[in-house]
1. I'd like the full set of residues that are in contact with a Lys or Arg (Cβ under 7 Å, 6 or more places away or on another chain), under 26 Å from residue 176 (Cα atoms), open to solvent by less than 20 Å² (accessible area, probe 1.4 Å) and touching a residue at least 40 places away in the same chain (Cβ under 8 Å), limited to region 199-235.
2. Using beta carbons and a limit of 6 Å, which pairs, at least six apart or on different chains, have the first residue in region 91-102 and closer than 18 Å to residue 38 by Cα and assigned to a loop (DSSP other than H, G, I, E, B) and the second one open to solvent by less than 90 Å² (accessible area, probe 1.4 Å) and modelled with pLDDT under 70?
3. Say we look at region 158-183 and pick out the residues that are part of a loop (DSSP other than H, G, I, E, B) and modelled with pLDDT under 90; which of these is least open to solvent (accessible area, probe 1.4 Å)?
4. Can you name the residue in region 359-407 that is among the small types (Gly, Ala, Ser) and touching a helix residue (DSSP H, G or I) at 6+ places or on another chain (Cβ under 6 Å) and, of all such residues, is surrounded by the most Cβ atoms within 10 Å (Cβ to Cβ)?
5. Of a type in the set (Lys, Arg), in a helix (DSSP H, G or I) and at pLDDT below 75: does that describe residue 110?
6. With (1) under 21 Å from residue 333 (Cα atoms); (2) among the aliphatic types (A, V, I, L, M); (3) touching a residue at least 12 places away in the same chain (Cβ under 8 Å) as the list, and residue 266 as the residue in question, which single condition is left unmet?
7. Please report, ordered by residue number, the helices (runs of 4 or more DSSP H) entirely within region 255-326 with at least 2 residues that are open to solvent by 90 Å² or more (accessible area, probe 1.4 Å).
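The values are calculated or read from the model by the stated rules, or taken from the named source; none is laboratory data. All of these numbers come straight from a predicted model, not from anything done at the bench. Methodologically, a virtual Cβ is constructed for each residue, glycine included, from the backbone with ideal geometry; neighbour enumeration extends over all protein chains shown. Side chains included, ligands, DNA and RNA excluded: accessible areas come from the protein's heavy atoms. Shrake-Rupley method; radii C 1.70, N 1.55, O 1.52, S 1.80 Å.
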Amino acid sequence: MAANRENGISDEVVDQLLAGRDPASVFESGGLVDELKKRLAERMLNGEMDHHLGGEAEEETGNHRNGYSSKTVLTDSGKLELSIPRDRHGRFDPVLIGKYRRRFAGFDDKIIALYARGMTTREIAEHVGELYGAEISPDLVSAVTDAVLEEVAAWQSRGLEATYAIVFFDALRVKIRNEGLVSNRAVYLAIGVRCSGHKEILGLWIEQTEGAKFWLRVMSELRSRGVQDILIAVVDGLKGFPDAITSVFPKTVVQTCVVHLIRYSMHFASWKERRLIAAALRPIYQAESAALARERLDDFDRGPWGRKYPAIAQSWRRNWEQVIPFFAFAPEVRKILYTTNAIESLNAEVRKAVRIRGHFPSEEAAAKLIWLVLRKVQARWKNPPVTWQAAKTQMAIQFEDRFVLAE
């Protein structure tokens, strides 16, 4: 007699499934594996419908099952014809195979998608059990998501472009548990803009402290992955960064991020005052030259906001040497440098997922989640910004043969 397998499908069940079948046809299109996928998918869909209707009081809404519709979906092995349950009010949108979708990826992708939203392994196991009636352990969820680490490692070591017109370096904080204690760690992101205007995330690094040695390691890593030149590096006053980048990329212009300077300035003011202070700072970074910008900074310092919050002007003066390069560029390039909507949007999505989790059990867990969020956001970066065409012309003049467009 075949032995039962602990926490798995018994050999008796496998023998029953294979009885009378040609073993060579099991994995063919329409074979046993596809039949099992179809039966499992339809059972899960019906479980979702029960859950959907269970959340509505039928006597109040009048909603109930309303037959099935046929839908052809794609799997890794081919096409499947599924019977999708319908509800009378047409509000049922299954998680497994959403409306207007034709791809059925299976449990692994669903688990990874839930993990990317910030859910813990235990929460995912409970969610799958509640929605599909399938019992899975947190350890299984962890094993599925751990498979992402290989992709993260391959992504972090992939080859890069030889030249980037702009690279934005930014940081956010996450909480990681280590030996029973939760501590803050910095996650550093590098977002590159190619000379064509297309954006990509170059890498992520998790560190407890920053400094010249850390940034030198990051710059050396970028060099080893194929980067030969960075025209402009935009950075938020990161400690040790200017010296580290110029030691590896000596021609790079290091520019303090104007958006971060403005955000830091807002920390001193109340919510009601922030819009007014932002308007008062605008003439500084929109000045035609560095000399005129310095005059306007002095005017701001002598004005009502400068007298009320003297630390704002002081913060601009501390960073002035890294603000000055900004004024050497044409207005089209300046706008690209201080209009960082894509980066701010990226950070917002990462922070949202991190905030849901609270803290992570390890750096690997943090890296998995953050990379999944980055992958989702980058997939939406299809085209260069509309302002890039004008900026591209100015940068080609400014940097001459260093500004290289790929063939």
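1. Matches in region 199-235: none.
2. 97/104; 102/74
3. Once the filter is applied, the top-ranked residue is 180.
4. Among residues in region 359-407 that are among the small types (Gly, Ala, Ser) and touching a helix residue (DSSP H, G or I) at 6+ places or on another chain (Cβ under 6 Å), the one surrounded by the most Cβ atoms within 10 Å (Cβ to Cβ) is 391.
5. For residue 110, the condition - of a type in the set (Lys, Arg), in a helix (DSSP H, G or I) and at pLDDT below 75 - is met.
6. Status for residue 266: all satisfied but (1).
7. Correct list: 271-285, 290-302, 304-308, 310-318.
For every residue, the table says whether it meets (1) in contact with a Cys (Cβ under 9 Å, 6 or more places away or on another chain); (2) modelled with pLDDT of 70 or more; (3) open to solvent by 50 Å² or more (accessible area, probe 1.4 Å); (4) farther than 21 Å from residue 130 by Cα.
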position: 7; (1), (2), (3), (4): no, no, yes, no
position: 37; (1), (2), (3), (4): no, yes, yes, no
position: 45; (1), (2), (3), (4): no, yes, no, no
position: 66; (1), (2), (3), (4): no, yes, yes, yes
position: 85; (1), (2), (3), (4): no, yes, no, no
position: 89; (1), (2), (3), (4): no, yes, yes, yes
